[in-house]
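The values are calculated or read from the model by the stated rules, or taken from the named source; none is laboratory data. None of the values given here were measured: they were computed from a predicted structure. Positions of Cβ are generated from backbone atoms using ideal geometry, with glycine treated the same way; all protein chains shown enter the neighbour counts. These accessible areas exclude ligands, DNA and RNA; they are computed on the full protein's heavy atoms, side chains included. Shrake-Rupley method; radii C 1.70, N 1.55, O 1.52, S 1.80 Å.
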Amino acid sequence: MVFQGKATYLNMERYSSASEKRFRRWSRRNFDFTQFNKELFAREFPHNQECIAASFVNKSGRKTEGLGWYFNGSAGESQRGLEISMISITDLKSNTAYALDAQQ
């Protein structure tokens, strides 16, 4: 879904055939994004493709909850920011990583 403005339930109703109430109900449900991403990845890439599981940490932010000093391995020093742990699948042929799950 693509539309102008903020992604509110009212805007989503305005640009789709579903009601605002339906979007509110759907947002209360739990959804397993990790399993969804795994299935998308399995459909997109054949099983004979070279892939590895990888994890990395990305840090950013200034006035955000959880802001602190964390060690940045690529810079070799502690830096102020957010720590996010992410599990991704890396396609070695296209040199691209696809996120499966992220936790702050």
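Observations
- Residues that are open to solvent by less than 90 Å² (accessible area, probe 1.4 Å), part of a loop (DSSP other than H, G, I, E, B) and more than 18 Å from Ala97 (Cβ to Cβ) were ranked within the stretch 9-45; the one that is modelled with the lowest pLDDT is Ser16.
- Among residues of the stretch 77-99 that are of a type in the set (Phe, Trp, Tyr), those with a Cβ under 9 angstrom from a residue that is in a loop (DSSP other than H, G, I, E, B), sequence gap 6+ or separate chain, pair up as Tyr98/Phe45.
- Reported count of residues in the stretch 63-104, each being farther than 21 Å from Lys38 by Cβ and basic (Lys, Arg), is 2.
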